Amino acid sequence: MTYRELLKYGIKELDEAGVPNPDVDAWELMEKACSIDRKDYLMAAFDAPLQEQIESYEKLIAIRKTRKPLQQILGNAGFMGLTFEVNEHVLSPRQDTELLVEEALKRLSPGMSVLDLCTGSGCVLVSIMRMCRDLKGMGVDISAEALEVAKRNARKHLIHPRLKQGDLFEPVLGEQFDMIVSNPPYIPTNIIDGLMPEVSVYEPRRALDGGGDGLDFYRRIASEAPEHLFDEGWLLFEIGVDEKISVETLLFEQGFSDIHCYKDYSGNDRVVAGQWKG
């Protein structure tokens, strides 16, 4: 068997198992199993892999066929041009969420403070602090396991946020910030089981479940955020594609102004921002 034949085997196995983008995943797993990049592959496509490489690749393909997410198998995911550790305790970073970072950076400057609620892997907070230096950052998550991942990601990128375990604002009583960002759980409870297995089976459910209508966390954060924002501070949410009007209405009812919604690169409503002016 050659490297080329091994790759074709991986693509065929994943395609028959219904894995989305089987060619992409088969290649990513080959990179991991065989320690080979595309340049090396092109030069060695008709060479025979080592037996241990073949066995390692077959094992990884078998795992991916169970629909375990590629990022969890690889142990990392790309986000904002950076690489973040991921595992079963955190949501794998998604490109759509990069818009949340981009909109936050438009409103931040060195010396300001930012709070990331439901920080998970820390990808949002670490990216913001990496790209706008001298920020005072804090991340909060209810999951101790998720915070351990966030700590490792922060160390990896030489970022030093405060990271606290707790239920939303519980660990920051009496504190105020220039900005609050959050990618909270926002999927309605009864929809989760119908999602692709990569999400419904392998992603941490409490990072997905937004309650009956998906809005539970938005309600709580929007109602409590004003006491934790400085005057003219900002609250930014990632939202589900059909939650724009509901989340904008929540912010309006809580007294926020300059409320705007921004679309992701697929044209879906993705980030809602509102300013608190006391």
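The values are calculated or read from the model by the stated rules, or taken from the named source; none is laboratory data. This is a predicted model, so every value here is computed, not measured. Positions of Cβ are backbone-derived with ideal geometry, glycine not excepted, and every protein chain shown enters the neighbour counts. The accessibility values were calculated without ligands, DNA or RNA, using every heavy atom of the protein model including side chains. Shrake-Rupley method; radii C 1.70, N 1.55, O 1.52, S 1.80 Å.
Number of residues in the range 37-88 that are under 17 Å from Leu7 (Cα atoms) and not in a helix (DSSP H, G or I): the value is 7.
Scanning the range 70-90 for residues that are touching a Phe, Trp or Tyr at 6+ places or on another chain (Cβ under 7 Å), open to solvent by 10 Å² or more (accessible area, probe 1.4 Å) and closer than 20 Å to Cys118 by Cβ returns Gln72, Glu88. For the range 103-136, filtered to residues that are touching a strand residue (DSSP E or B) at 6+ places or on another chain (Cβ under 7 Å) and among the β-branched types (Val, Ile, Thr), the residue that is farthest from Gly75 (Cα to Cα) is Val114.
Of all residues in the range 169-184, those being closer than 25 Å to Glu103 by Cβ, part of a loop (DSSP other than H, G, I, E, B) and open to solvent by 10 Å² or more (accessible area, probe 1.4 Å) number 3. Which residues, taken from the range 91-139, are surrounded by fewer than 24 Cβ atoms within 10 Å (Cβ to Cβ), in contact with a helix residue (DSSP H, G or I) (Cβ under 8 Å, 6 or more places away or on another chain) and assigned to a strand (DSSP E or B)? Within the range 91-139, just Met138 meets the criteria.
The set of residues in the range 237-255 being hydrophobic (A, V, I, L, M, F, W, C), surrounded by fewer than 23 Cβ atoms within 10 Å (Cβ to Cβ) and not in a helix (DSSP H, G or I) consists of Val241 alone. Would you confirm whether any residue within the range 185-195 is small (Gly, Ala, Ser), open to solvent by 10 Å² or more (accessible area, probe 1.4 Å) and over 24 Å from Asp242 (Cα atoms)? No, the range 185-195 has no match at all. Say whether the condition of being open to solvent by less than 80 Å² (accessible area, probe 1.4 Å), under 18 Å from Gln254 (Cβ atoms) and touching a residue at least 12 places away in the same chain (Cβ under 8 Å) is met by at least one residue in the range 197-204. No, that holds for no residue.
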